[in-house]
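Asks: Quick one: the structure is below, questions incoming.
The values are calculated or read from the model by the stated rules, or taken from the named source; none is laboratory data. Computed from a predicted model, the values in this text were never measured in an experiment. Heads up, the Cβs are rebuilt from the backbone with ideal geometry, glycines too, and the neighbour counts pull from every protein chain shown. Areas reflect the complete protein model, heavy atoms only, side chains present, ligands, DNA and RNA absent. Shrake-Rupley method; radii C 1.70, N 1.55, O 1.52, S 1.80 Å.
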Amino acid sequence: MLRIECPCCGPRDHDEFRYGGNASVVRPGHDDPDPEAWYRYVYVRENPAGLHPEFWQHVMGCRQWLVVERDTRNHAIASVSFARKSSR
Ligand SMILES: [Zn+2]
């Protein structure tokens, strides 16, 4: 069982969260006409062995989007932070 330390709610089972994908993928600008950039954004993903930033949403809790840095080899979580940019 994967346990995620939500910054708002504390440690919770991963069943309370929804996986949101790779957090290292950068979305092209709205006005970017390059179809290759959009193709890479939508379809091309790496399959890393090691630490990997991922989006997770705490859907059964505070509903915050988080960035979870997880080791894909053993599911060990190195860090959890809010996905939103803080103005503080
Ligand atoms: Zn939470």
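Asks: Identify which of Pro48, Pro35, Pro11 has the largest mean-square fluctuation in a Gaussian network model of the chain, with springs joining Cα atoms closer than 10 Å.
Replies: Pro35
Asks: What GluC sites (Glu not before Pro) in the chain are in a loop by DSSP, with at most 10 other Cβ atoms within 10 Å of the Cβ?
Replies: Glu46
Asks: Something else: What percentage of the solvent-accessible surface of the chain, computed with a 1.4 Å probe over protein heavy atoms, is contributed by carbon and sulfur atoms?
Replies: C and S atoms contribute 50 percent here.
Asks: With every protein chain kept in place and ligands, DNA and RNA left out, what is the accessible area per residue of the chain? Probe 1.4 Å, answer in Å².
Replies: 71
Asks: When all alpha-carbon pairs of the stretch 36-88 are counted, what percent fall beyond 17 Å?
Replies: Counting pairs separated by more than 17 Å, the tail of P(r) holds 53 percent.
Asks: As a test of the formula, what do you get for the chain when each DSSP H run with n ≥ 4 contributes -39,500 (n - 2.57) and the sum is divided by the residue count, at 222 nm and rounded to the nearest 500 deg cm²/dmol?
Replies: Taking each H run of at least 4 residues, the total per residue is -3000 deg cm²/dmol.
Asks: Still on this structure: Give me Rg/Rg_expected for the stretch 1-70, where Rg uses Cα atoms only and Rg_expected = 2.2 N^0.38 Å with N residues.
Replies: 1.32
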